[in-house]
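The values are calculated or read from the model by the stated rules, or taken from the named source; none is laboratory data. Everything numeric in this text was worked out from a predicted model, so none of it was measured. All Cβ positions, even for glycine, are placed from backbone atoms using ideal geometry, and neighbour counts span all protein chains on display.
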Amino acid sequence: MIVLGVESSCDETSVAVVENCEKIRSNVILSQLVHSDFGGVVPELASREHLKAITTVYREALDKAGVVPEQIDLFTATYGPGLVGALLVGLNFSKGLAFGYDKPFVAVNHLEGHLTANMLIHQDALPQKHLTLIISGGHTSLVLVNGFSDYILLGQTRDDAVGEAYDKVAKLLGLGYPGGHVVDRLAKDGDRHFHKFPRGMIKEDNFDFSYSGLKTAVALYVKDVGEDKVQANLADICASFQEAALEVLVERAVRAASEYQVEAVTLSGGVASNSRLKELMQEELSKIGVKFLFPPPELCTDNAAMIAATGYLRYKSDGPSNLTVNAVPYLALV
Ligand code: KG4
Ligand code: ZN
């Protein structure tokens, strides 16, 4: 099947054309720049930017894939979780196309999209049963995957998401928004032991996470040492913060991999692009003989290829969605 995916849950407008859950023919991603001045996503602006961009992004995705709309067999879009106004733009766009071209439509859960990115890209290498960390600006969850649509949530954040902590720390350090990738880059030249920041809930015998304490600790540290020392030791502070943020993710993933006897662990979501996290996971998982897989950066960030692939698998298992389906801002994976 030739599947069209549409993603607009936050600040990326994306349209993709994918064959089944196998081949990406195009995956156009437009990241909105308007939010950087505000230090975070402004929901109303996000909706307006999606509206302005969606037709152009759609046309580009079709052009790059070399298809005309009549060749699309299945239309899909994210229906949640996300910003309701933003979700409505992509959802209604895709539903409208499905109605107009008289083809089936499938509504996709954004979180399922993130984890399915690994099934799309690692078709042969990924065992059905595996663990995934969904780590993004809005989510931090550890999920046991027993196959498509069969998930057990082992743990999640009790407060902030890990990507949110990265973004808030980047803002505190004057690195702009979103700042996760900047912290990652600066940390490469920093001393990870420069300052010991707290590892949220590290001693607790569960699979949950907490990032608000770490964020506050960095804020207090910055206030305490003053602007000059912060600027003089920017890379060291980034490296020390990053080590605290990532150590908990790795500890939870490695312990769960042993406890649930999985053969592979994957990463999904924007933070899955983090270079130090990949290094640490590879190091620790190889010690216990567990395979480590992650998507390329364009499939980690919000993108429509993962939505199209998930929509295809959902269509195969459950058939089409009803065109009355609405946007659901708070939607869990399970
Ligand atoms: O999945 P995503 O594109 O959007 C959400 O669904 O939230 O994730 C965006 C998040 C942002 O918080 C961004 O700062 C973070 O992913 N991020 C990173 C890196 N690249 C993006 N965090 C740490 N290291 C990176 N290299
Ligand atoms: Zn996302």
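Observations
- Criterion applied to Leu173, Leu131 was being touching a residue at least 24 places away in the same chain (Cβ under 8 Å) and more than 19 Å from Phe197 (Cα to Cα), and the one residue passing it is Leu131.
- Take the conditions (1) touching a strand residue (DSSP E or B) at 6+ places or on another chain (Cβ under 9 Å); (2) within 13 Å of Gly213 (Cα to Cα); (3) modelled with pLDDT of 95 or more; (4) not in a helix (DSSP H, G or I); Glu164 misses just one of them, which is (4).
- From the list Ile121, Ile152, Ile134, the lone residue that is more than 12 Å from ligand 2 (Cβ to nearest atom) and either of a type in the set (D, E, K, R) or surrounded by 17 or more Cβ atoms within 10 Å (Cβ to Cβ) (or both) is Ile121.
- Candidates in the range 56-98 are the residues that are assigned to a strand (DSSP E or B) and not small (Gly, Ala, Ser); of these, the one that is nearest to ligand 2 (Cβ to nearest atom) is Thr78.
- The set of residues from the range 99-122 being more than 13 Å from ligand 1 (Cβ to nearest atom) and not in a helix (DSSP H, G or I) comprises Asp102, Lys103, Pro104, Phe105, Val106, Ala107, Val108, His122.
- The range 32-54 residues that are surrounded by 15 or more Cβ atoms within 10 Å (Cβ to Cβ), paired with ones that are among the charged types (D, E, K, R) (beta carbon under 6 Å, 6 or more apart): Gln32/Asp11; Gln32/Glu49; His35/Asp11; Gly39/Lys171; Val41/Asp11; Ala46/Asp11
- Only listed residue being of a type outside the set (Asp, Glu), in contact with a helix residue (DSSP H, G or I) (Cβ under 7 Å, 6 or more places away or on another chain) and within 13 Å of ligand 2 (Cβ to nearest atom), chosen from Val290, Val271: Val271
- Residues in the range 154-209 that are of a type in the set (Phe, Trp, Tyr) and away from ligand 1 (no atom under 16 Å from the Cβ) were compared, and the one that is nearest to Ser141 (Cα to Cα) is Phe207.
- Selected residue (only one of Ala256, Ala235, Ala244, Ala239 is under 14 Å from Leu133 (Cα atoms) and at pLDDT 95 or above): Ala256
- Residues that are over 20 Å from the mean Cα position of the chain (by Cα), in a helix (DSSP H, G or I) and under 15 Å from Ala86 (Cα atoms) do not occur anywhere in the range 35-43.
- Pairs where the first residue, in the range 225-251, is assigned by TED's automatic domain parsing to the domain that holds Asp191 and the second is of a type in the set (Val, Ile, Thr) and at pLDDT below 95, C-beta under 8 Å, 6+ apart: Glu247/Ile202; Val248/Ile202; Glu251/Ile202
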